[in-house]
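K.L.:
Quick one: the structure is below, questions incoming.
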Amino acid sequence: MTNTTLNPATPLNPRKHGIIVGAVGGIGSALSMKLAREGYTLALLGRNKKALQSLCAEINKSIGETRAKAYEHDVLKYDSIPALLRTITKDLGGLDLFVFAPGAIYFPKMDEFNFAEDSKMIQVNTISAIAWLSEVAPLFQSMKGGQIVGISSVAGDRGRVGNPGYNASKAAFTSYLESLRNRLTRHGVNVITVKPGFVKTKMIAHVQKTPFAVTPEKVADVISMAIRKRKQTVYVADIWQWVMLVIRHIPSFIFRRLSF
Amino acid sequence: MTDNIQRRFTTLDNFGHSVNASSYHFKPIHVDEIKQIFLLAKKLGLSVTARGAGRSYNDASLNGGGISLNTTEMNRVIKWDADTGLITAEAGVTLEQIWKKAEPDGWWPPVVSGTMKTTLGGCLSTNIHGKNNFQMGPIGEHVVEFTAILPTSAEITCSPKKNADLFYAMISGIGMLGIFTSVTLQMKRIYSGLLAVDAHPVPNLSGQLSSLLEDAPRYDYIVGWMDTTAKGASLGRGQIHAARYLHENEDMNPNETMKLANQILPSTLFGVFPKAWLPYFMKPFVNNFGAWGVNTAKYIASLRTHSFRQPHGAFHFLLDYIPGWELSFGKGGLIQYQSFVPKETAQSAWREIIRLSQKRGLPSYLGVTKRHRPDKFLLTYAVDGFSLALDFKVTQSNRAKLSAMLQEFDKIIVQAGGRFYFAKNSETTSQTALNFYGQETVEKFKRLKKRCDPNHLLESDLYRRIFGV
């Protein structure tokens, strides 16, 4: 798409290659910058071509060589994925890391049931992730390596009154990632489920109460650490691990009466 | 074949285990399958690189994100004529298969690499040389004819007379014009299974090069070992091994010495110690201090001038003597930097690069010198002069420094009129390649490439690197 060629790896300039789907969002762009600085060559995917290109330009300028390349992509166009993945793998010269970061959210009112919005959330947050991973997983399984990062959410840990559609989309994604991990670990592939809480991006701009909110840069730092250490499930921030432990154990007869 | 191409995705590396790349891996057993692979590549927008034994030290057989066409299943010797010494074999046949076929009948491959595991296709693509380059030239000079498939699916036959432009370009053409399918090679007559070898020490670089220059005409093979850790007045010291074939009647019992059993390398050391264990024992010595110790000890051991007879296999295939030796270089693997420099400028250029490596604390652990002469292949690396091959260990912490140093080496070597060999060097940039090949050669090669491969299906990591695609 952009006329930039990525330098091939040599023994003295080895490269790790990564794909970030949903690179324009807050977490995606912070993670792109972070991983490029750590030596990754990246394919950045998103719907907003202009924003993607300026993100690539910013990364490449900051590093001093072409490290990021933009690919315009709508995650709901499932059929385009196999060919796009082949093109990207060819352009990068390989693939070591796949990150799925897109997230759609709609905040319904307490008595609102909105199938259109729920369906969209499930398509973006879950179905498109499965569409991508169905292509990436056999590739990694065959090469006996690679890491998959799925950005799920603490919202997937329990179905709450506030947002059934969003909870369901993230619960399904978390569960899919767990199955994938159980399938792929034996083939040398690591699968990381990232569960951020509130992240200071425009997704939650109008939300009133955002306890334990972290910056996208903090999420990027945690993901990068998780990749290096080949972790499996990480919460951002750490406190969510304990909060969710408690929430997961609230008995239903109480949970039904709560208002969050 | 197109179904589930992801299931073919495989990580492959190089001889030095210093770089890897993942590709869709195909292992055709028939020429028609090669055509299908080209069609598939075109359909999917992927590039193709042939890979033989994967014995190059760089990225010549790697194609990250593309198709790797492994030729090793196409490994039949098609015809062997023990009267004329002509052998015709598929491109996946190794030098090991060739010499084992021919040697008992009194023939030896005219040119061999330091390992016998290389395939004919790989040997022709990089146009390998041996320790007899000053006499016999590269392997391409002994190819009587070859057949190949072009990416257009055209099957062609080339010889020095027929399709001569392609003959001289495909041999040396780093596999970027077509895929070799069969090769007919003229073998060399031998009258004994042994070579007569003379060994003597040389005290410094000037002694090393003058010995290569003056002794070469009297021998069939010559090779120098260099103690790359020696400094000052001893810089470039080492040992010369020069060997010649035995004439008829010099060997009293040629039938015995030519028996395969007397050529095959032993799998144990001193008769008991399994050689496969050696890389683990070598590991503690593969560092700056250990390399100094081993080089110094080897030099002291080489001070004795002596002559002996040695089987062909043992003389040539040092790299196979310790299987898996390259593993002793550890996780980062090793790279080899080989430069070919005219005889007039070699001494000053190499003095400069060896000093630089010592000053930077990045000494080479092994140095090997040879004598060369020019040849007329398109992407030739040869000069009327010498080559010096330097092995470097790659580690997480020395990569950046080593990379910067090799770029300085390249400048010094090109300035001295030198060239590089693409079974070896892994860091040469497209600018450096253009500088030593010259614009005219590069353009001629690209014109031929366009003719043979109009859709740009053949591409390797090496090609992208040195031709800046």
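K.L.:
From the C-alpha coordinates alone, can you work out the Kirkwood hydrodynamic radius of the protein assembly as shown, in Å?
P.N.:
Numbers: mean 1/r = 0.0354 Å⁻¹.
After inverting the pairwise mean of 1/r, the radius is 28.3 Å.
K.L.:
For the protein assembly as shown, what % of the accessible area comes from carbon and sulfur atoms, probe 1.4 Å? Show your work: numbers first, answer last.
P.N.:
Details: 16340 of 30440 Å².
Carbon and sulfur together cover 54 percent of it.
K.L.:
Report the label-to-label distance for B:E141 and A:R257 in nanometres (one decimal), using points 7 Å from each Cα along the Cα→Cβ vector.
P.N.:
Here the modelled spin labels are 9.7 nm apart.
K.L.:
Can you pull the mean other chain C-beta count within 10 Å for peptide A:85-97? Working shown, then result.
P.N.:
Values: counts 1, 8, 4, 1, 9, 12, 2, 2, 11, 12, 4, 2, 0.
Averaged over the peptide's residues, the number is 5.
K.L.:
Mind ordering A:5-15, B:43-53, A:58-68 by average Cβ neighbours within 10 Å, highest first? Intermediate values should be presented prior to the final figure.
P.N.:
Numbers: A:5-15: 20.1, B:43-53: 22.5, A:58-68: 16.0.
Per-residue mean Cβ counts within 10 Å order the peptides as B:43-53, A:5-15, A:58-68.
K.L.:
Semi-axes of the equivalent ellipsoid of region B:287-345: what are they in whole Å, largest first, if each equals the square root of 5 times a C-alpha gyration tensor eigenvalue? Mind dumping the intermediate values first?
P.N.:
Working: eigenvalues 103, 74, 61 Å².
For region B:287-345, the ellipsoid semi-axes come out as 23, 19, 17 Å.
K.L.:
If you don't mind, another one. Charges only on Cβ, +1 for Lys and Arg, -1 for Asp and Glu: so what's the dipole of region B:194-429 about the Cα centre, in debye to the nearest 20? Intermediate values should be presented prior to the final figure.
P.N.:
Working: 26 positive and 19 negative charges, 178 e Å.
Magnitude of the dipole: close to 860 debye.
K.L.:
What is the dipole size for chain A, taken about its Cα centre, with +1 at each Lys and Arg Cβ and -1 at each Asp and Glu Cβ, in debye to the nearest 20? Provide the component values of the computation, followed by the final result.
P.N.:
Values: 34 positive and 18 negative charges, 98 e Å.
Charge dipole of chain A: 480 debye, to the nearest 20.
K.L.:
Quick one: compute the contact order of region B:77-189, relative version, from alpha carbon pairs under 8 angstrom and 6+ residues apart, as a percent.
P.N.:
Numbers: 217 pairs, mean separation 36.6, N = 113.
RCO, region B:77-189: 32 percent.
K.L.:
Nearest-5 percent of antiparallel DSSP beta bridges in the protein assembly as shown?
P.N.:
On the way: 71 of 108 bridges.
The antiparallel proportion sits near 65 percent.
K.L.:
For region B:194-429, would you read off the P(r) tail past 26 Å as a percentage of all alpha carbon pairs? Mind dumping the intermediate values first?
P.N.:
Working: 11743 of 27730 pairs.
Across region B:194-429, Cα pairs with separations above 26 Å total 42 percent.
K.L.:
Let me ask something else about it. Computed on protein heavy atoms with a 1.4 Å probe, what is the summed buried accessible area for the chain pair B and A, in Å² to the nearest 100?
P.N.:
Values: alone 19310 and 13220 Å², together 30440 Å².
For chain B against chain A, roughly 2100 Å² becomes buried.
K.L.:
What are the residues whose amide H is under 5 Å from the amide H of B:L62, where those residues sit 5 or more places off or on another chain and H is modelled from the backbone?
P.N.:
B:D461, B:L462
K.L.:
Can you pull the mean other chain C-beta count within 10 Å for peptide A:134-142?
P.N.:
Values: counts 1, 1, 1, 1, 6, 7, 3, 3, 11.
Per-residue shielding by partner chains comes out at 4.
K.L.:
What's the center-to-center distance, using Cα atoms, between region B:390-422 and region B:156-203 in Å?
P.N.:
Region B:390-422 and region B:156-203 have Cα centres separated by 27 Å.
K.L.:
Keeping all protein chains in place, calculate the accessible area per residue for the protein assembly as shown (probe 1.4 angstrom), answer in Å².
P.N.:
Value returned for the protein assembly as shown: 42 Å² of accessible area per residue.
K.L.:
So what is the relative contact order for region B:386-469, in percent, with contacts set as C-alpha pairs under 8 Å and at least six apart?
P.N.:
Computed over region B:386-469, the figure is 30 percent.
The values are calculated or read from the model by the stated rules, or taken from the named source; none is laboratory data. Being a predicted model, the structure only gives us computed values, none of them experimental. Counting neighbours? That spans all protein chains shown, and the Cβs are built from the backbone with ideal geometry, glycine included. Note: areas computed on protein heavy atoms with side chains; ligands, DNA, RNA excluded. Shrake-Rupley method; radii C 1.70, N 1.55, O 1.52, S 1.80 Å.
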